[in-house]
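The block underneath contains the structure these notes are about, expressed in C-alpha cells.
The values are calculated or read from the model by the stated rules, or taken from the named source; none is laboratory data. No experiment lies behind these values; they were computed from the predicted model shown. Backbone-built Cβ (ideal geometry, glycine too); neighbour counts: all protein chains shown.
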Number of protein chains: 2
Amino acid sequence: MKHPMGIKKTGGHFIQYGNRGMTLESDLSSSNLYYLENDIAVIYKKPTPLSICKVDYPSRMEAVIKEAYFKIPSTTDYNGIYKGKYIDFEAKETKGQSFPLANIHKHQIVHLQRVEKHGGISFLIVRFTKEDQTFLLETKFLTKFLKEETRKSIPLSYFQQYGVSIPSRYNPIVPYLKIVDQIYFGG
Amino acid sequence: MKHPMGIKKTGGHFIQYGNRGMTLESDLSSSNLYYLENDIAVIYKKPTPLSICKVDYPSRMEAVIKEAYFKIPSTTDYNGIYKGKYIDFEAKETKGQSFPLANIHKHQIVHLQRVEKHGGISFLIVRFTKEDQTFLLETKFLTKFLKEETRKSIPLSYFQQYGVSIPSRYNPIVPYLKIVDQIYFGG
C-alpha cells in the first residue's frame, strides 16, 4: 500500500520514501540528475543500443523509425566523470535471493574489467527488490566470484560480505557516490 | 574513382588510403577498435538516443520496434577512458570551409564544458571533407570562439590556428590519441 505523499506503511511504522521511484533505473536517473545539477559529477545512462532497419520521413522535419531491433550492448549502461576519474557501472534489479549472472552479458563484465585495468572506477549496483537493499560491488569482487565459484548466480550473502550497502536517501535517492568516496577516495 | 585495393587516383598520384572508410564515423569506429584491441584505451560511441513508442513481440525471443523517434542527444557521441583519464568528444564532418555551430547542440557544448571543468579531457574532432583535413579542437578553444565571435560557424582558419591537425595513418586511421598525448600528457 503506497500513500499518495510517498509514505509507505509497513508494520505500524511510517517510512518516508521521498520521490523514490518504482525502479532502480528511475532512482539512478534522478540521482544522476541531482549529481549533475549540483555539479558533483557528470554521469549519464547510455541510450539503448538498437539496429535501425527502416525509417520513414512523413515530413521534412520528422523521421519515424518503423523497424528496429534491440542489440546486445557492448558496454555497461552508465558512465561519466567524478572527481576527475572515469566511472563506469552496470545496474540491475533482482527479485530473488541471488543475482543471476545471466542478467549481465559477458562483454559487459569484460568491459568493467578493462575499465578497472585502465585505472577507472567500475562496479555493479544490484538491488534486491524484496529485501529493498541496494549494493555496490566493485569489479574486483565480481571477478573474484567468477574465478572462485561455479554458481551461476551471486547470493545476497556475497553482496553482504564483499559489497557495500547503499542507503536510501531523500536526495539523491541512491547516494552511490558516497560509497565511491569511501572505497576509492578514502572519504 | 576508387580502386578496389583502396588506392585512389588523384591528379596522377596514387594515394594509399589503407582501410580508410567513407566517413569520419567509420574511421573513428575502426580507430577505437584498434585502441581497444591493443589495450591502449577503452572508448566507445554511444548508441543513438531514441524514444521507443511501440514494440511488437512476434516470438518469445525477438522484439521488433515498430515506432520510435530520434531524440536530441544530451551528451556527446564518444566517451571512455585513456591513461586513467576520462575522455569525451563529439565528432563532425563538414563539406564547407567552415564548421556550422548548428551542427552541434547547445547541451553538447555545455556537456563538453562540464567535463573539462570536472578534470576530464574533452574536445571536438572536425573533418573538413573537401580539404581532407581532420582537426582536434580543445573545448577551451571552442569556448573562446563562442565568447569572442558572433559568427555562426567556425572557419577552417580557426581550426588551423587553435586546433591540432590529426594525420591520417594506416592503423589507427585517425590517431587522435597521439594529439591527446601532445596536448594533455606532454608527449
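Quick notes on this one:
- For the range A:31-52, taking the residues that are assigned to a helix (DSSP H, G or I), touching a residue at least 24 places away in the same chain (Cβ under 8 Å) and more than 30 Å from B:VAL55 (Cα to Cα), the one that is nearest to the other protein chains (Cβ to nearest Cβ) is identified as A:TYR35.
- Residue check for A:VAL115: of a type in the set (A, V, I, L, M), loosely packed, with under 15 Cβ neighbours inside 10 Å and either at pLDDT below 95 or not in a strand (DSSP E or B) (or both): no
- Test: A:ARG151 is buried (at least 17 other Cβ atoms within 10 Å of the Cβ), over 16 Å from the mean Cα position of the chain (by Cα) and farther than 25 Å from A:SER26 by Cβ: no
- When every residue of the range B:155-166 is checked against the conditions, at least one turns out to be more than 30 Å from A:ASP88 (Cα to Cα), among the hydrophobic types (A, V, I, L, M, F, W, C) and buried (at least 21 other Cβ atoms within 10 Å of the Cβ).
- Residue pairs whose Cβ atoms lie under 6 Å apart, sitting 6 or more positions apart in sequence or on different chains, and linking a residue in the range A:90-119 that is on the phi > 0 side of the Ramachandran plot to a partner that is small (Gly, Ala, Ser) and outside any strand (DSSP E or B), are A:GLY119/B:GLY84.
- Number of residues in the range A:53-79 that are farther than 30 Å from B:VAL115 by Cα and either in contact with a Ser or Thr (Cβ under 6 Å, 6 or more places away or on another chain) or surrounded by 16 or more Cβ atoms within 10 Å (Cβ to Cβ) (or both) equals 6.
- Scope the range A:161-187; condition in contact (Cβ under 8 Å) with a residue 12 or more places away in the chain, part of a helix (DSSP H, G or I) and more than 15 Å from A:ILE43 (Cα to Cα); matching residues: A:TYR162, A:ILE179, A:GLN182, A:ILE183, A:TYR184
- Selection count where residues are more than 10 Å from chain B (Cβ to nearest Cβ) and either on the phi > 0 side of the Ramachandran plot or not in a strand (DSSP E or B) (or both), scope the range A:77-86: 1
- Filter result (within 27 Å of A:THR48 (Cβ to Cβ) and in a strand (DSSP E or B)) within the range B:87-112: B:ILE87, B:ASP88, B:PHE89, B:GLU90, B:ALA91, B:LYS92, B:GLU93
- Candidates A:PHE89, A:PHE135, A:PHE128, A:PHE70: the one that is under 13 Å from the mean Cα position of the chain (by Cα) and within 14 Å of chain B (Cβ to nearest Cβ) is A:PHE89.
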